[in-house]
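A.B. asks: The structure that follows is given in the form of structure tokens.
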Amino acid sequence: MSAMTAVSAANARSSALKPRQNTDASSAVAEKPGGQGGAVAFGQNGRAKGEITAAHNNAVDRRPEAGAAPQHERSAARAAASAASARDEGGRQTAGHRPPMAAYPESGLRSFGFVRPLAWVALLLTIVLSIVVAFYLGNTASRVLMRKNQDFASLLADNLNNQIYRRFTLPTVSIFGNVSLRNPAQFKQLDQIIRSIIQDLQVQDLRIFSHDHTIAYSLNTSELGSREYASLSVQAATTSNGPIFDIDAKIPRWQSFFMFSLEPETFIMRTSYPLRFENRSSASGGGPTLGVLEFQQDITKDMGNAARFQQLVLAATLLGSGMLMAVLLLMVRRAERALAARVNEQQRLIHELHQHEKLAGMGRVVASIAHEIRNPLGIISSSAELLLKRSASSDALTGKILQAIYDEARRLSRTVSDFLDYARPRAPMQDEVDAAAVLDQALAFLTPEFADRDIGVVRAGILDSPACVLGDKDLLYRAFYNIMGNAIQAMGSSGTLTITLGRMEGEAPQITMEFQDSGPGFPKEAMDQLLVPFFTTKDDGTGLGLPIVNTIITSHGGTLTLANSPDGGAVARVALPAAPVPPRL
């Protein structure tokens, strides 16, 4: 009761103090490092009663001002809620609040989607044009080969006409008076002349028709005297001045394009030629007609070559078109993949931006609330410490309750301080700082705790020369302190902490520090989340210790690497840019 009376008396005397002085007193209590500085100060000097009185005066005088705080908090909360309500559960904005950037990826995909159909249309057109070109070239080649065979047949017919006239007709008329192939001698002589001329010329079924279209001569003697072989071409050749050509085909011309081999005599060219007494090259066109010469030639090989040429042209065209199509589709596919990856990355960044905006709005509200909570927590912690010391002789229950109030107030104060430090990081100063000296200072402060937990400290690396970096001494102190504090908590009651300080030379020299403890190490499944804010594997942790350390180190241009040692335990590696060495004079 005496303690409560003293507090009431202190409250009664607080009305004479000015609000600004009270605010400064409150800040002096609340802003000591870790939320513990106020308690340490009360235990070290004899002015504890006056300081706790001033702290309570601040709490009394700030009550009217605190009345405005809920309104401010409610306004900020409403603003954050309004910003968050414009987004769905996935963190993306609804249709009414969609940012303009979200339309670009989809339109980019739509605008690129016409390339694939266009490529297929181009391939189809190429195939059609290839078929047309192949048939055109094939038909041209067929006409050329046909013209060659017709020219050869014309020359052969002229030669036969001349040879028959000179070697058979003239001698026979001079000897026998007339030509009669029914005479075996005349037939034999004509047969010898014709066979000697057409030898090795692949001429088959050669016939000579008389004026009444009866077969007067044939290589096949069984056809002699027959009229059934006289075609319209034979009848037309009687009055013509030149040869008449006919094609006898077993299959249509277009079908040969789809066949790789043709049977002999598939295409036969039949030539009908009028036999005359005189050379038909004369201006009068020759003398009277003796009959009609008809012979056949197998042009299957030439027609097959023309078909193979068509196939080759079409295959080459299709192969080239297919290769171009494959290259085009490959380029389209790669472009689509690259565009899809870029779209996904852009959407991910937009999503993260929305999340960051939402978290930033919430963070501003919570930071404002945390700032208002921090001052009362300092008062509660200091008051509990003072009452705990004054009630040392009281009953044990009161002491336990006060100790619990004091411990929980300190823990909550540390949590609030960590949150504010992470939410409002301070820009580091650019002073030349000896990292080794800052490390020694942090070790000196933690020496009692090392001794209480039976933890040994091993120093290695640079021990006799400064390790200077450009940065903020206070922030680096806090980073080293948090790393070693985590190591102490991980090792528990006993262990060894090995600290190695080194220097990496190169274009950008660095000061390196490695903290290796003998604890259980980091959980393997949580390695990727160790630097994520509010992620913790401790029951009483806030999940802000390592993220704050990472923020401090990266703000100095350095890197923080967390790993597990092969020998066991956790390893935290810190690399900071070394301060430039001044040139020697």
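The values are calculated or read from the model by the stated rules, or taken from the named source; none is laboratory data. All values derive from a computational prediction rather than experimental measurement. Note that each Cβ is placed from the backbone with ideal geometry, even for glycine, and that neighbours are counted across all protein chains shown. When the accessible area is computed, the model is the full protein with side chains, heavy atoms only, and any ligands, DNA or RNA have been set aside. Shrake-Rupley method; radii C 1.70, N 1.55, O 1.52, S 1.80 Å.
A.B. asks: Considering only region 238-340, give the strands (runs of 3 or more DSSP E) lying wholly within it that have at least 1 residues that are of a type in the set (S, T, N, Q), open to solvent by less than 70 Å² (accessible area, probe 1.4 Å) and modelled with pLDDT of 80 or more.
C.D. replies: Here the list reads 267-276, 289-298.
A.B. asks: Quick check on region 427-468: of everything there that is under 18 Å from Q510 (Cα atoms) and assigned to a helix (DSSP H, G or I), which residue is farthest from the chain's Cα centre (by Cα)?
C.D. replies: Across region 427-468, the extreme among qualifying residues is A437.
A.B. asks: Regarding region 194-217, can at least one residue be identified that is part of a helix (DSSP H, G or I), of a type outside the set (V, I, T) and modelled with pLDDT of 85 or more?
C.D. replies: Looking through region 194-217, at least one residue is part of a helix (DSSP H, G or I), of a type outside the set (V, I, T) and modelled with pLDDT of 85 or more.
A.B. asks: For region 459-479, what are the residues that are open to solvent by less than 40 Å² (accessible area, probe 1.4 Å) and either charged (D, E, K, R) or within 19 Å of F515 (Cβ to Cβ) (or both)?
C.D. replies: A460, I462, A467, V469, G471, D472, L475, L476, A479
A.B. asks: Out of curiosity, is S231 of a type in the set (S, T, Y), more than 30 Å from A315 (Cβ to Cβ) and either surrounded by 13 or more Cβ atoms within 10 Å (Cβ to Cβ) or touching a Gly at 6+ places or on another chain (Cβ under 9 Å) (or both)?
C.D. replies: Judged against the criteria, S231 is a match.
A.B. asks: Identify the residue in region 174-212 that is open to solvent by less than 40 Å² (accessible area, probe 1.4 Å) and of a type in the set (V, I, T) and, among all such residues, is nearest to the chain's Cα centre (by Cα).
C.D. replies: It comes out as V203.
A.B. asks: Tell me which residues, restricted to region 489-500, are at pLDDT below 90 and either on the phi < 0 side of the Ramachandran plot or open to solvent by 50 Å² or more (accessible area, probe 1.4 Å) (or both).
C.D. replies: The answer is Q489, A490, M491, S493, S494.
A.B. asks: Right, another one. Taking D151 as meeting all but one of (1) more than 30 Å from I198 (Cβ to Cβ); (2) modelled with pLDDT of 85 or more, write down the number of the exception.
C.D. replies: Here D151 clears every test but (1).
A.B. asks: What are the pairs, 6+ residues apart or on separate chains, where a residue within region 506-534 that is in contact (Cβ under 8 Å) with a residue 60 or more places away in the chain and of a type outside the set (G, A, S) has its Cβ under 6 Å from a residue that is open to solvent by 70 Å² or more (accessible area, probe 1.4 Å) and part of a strand (DSSP E or B)?
C.D. replies: Going by the 6 Å Cβ cut-off, the qualifying pairs are Q510/M504; I511/R503; T512/M504; E514/R573.
A.B. asks: Quickly run through region 127-151 and pick out the residues that are more than 56 Å from the chain's Cα centre (by Cα) and without any contact (Cβ under 8 Å) to a residue 40 or more places away in the chain.
C.D. replies: R147, D151
A.B. asks: Same structure, new question: So if I check each of L353, L388, which one is part of a helix (DSSP H, G or I), without any contact (Cβ under 8 Å) to a residue 60 or more places away in the chain and either open to solvent by less than 70 Å² (accessible area, probe 1.4 Å) or not hydrophobic (A, V, I, L, M, F, W, C) (or both)?
C.D. replies: Answer to the selection: L388.
A.B. asks: Pick from T512, T551: which is part of a strand (DSSP E or B), of a type in the set (S, T, Y) and open to solvent by less than 50 Å² (accessible area, probe 1.4 Å)?
C.D. replies: Sole residue among the options that is part of a strand (DSSP E or B), of a type in the set (S, T, Y) and open to solvent by less than 50 Å² (accessible area, probe 1.4 Å): T512.
A.B. asks: Which one of these is among the hydroxyl-bearing types (S, T, Y) and touching a residue at least 60 places away in the same chain (Cβ under 8 Å): S218, S210, S222?
C.D. replies: Within the list S218, S210, S222, the selection yields S210.
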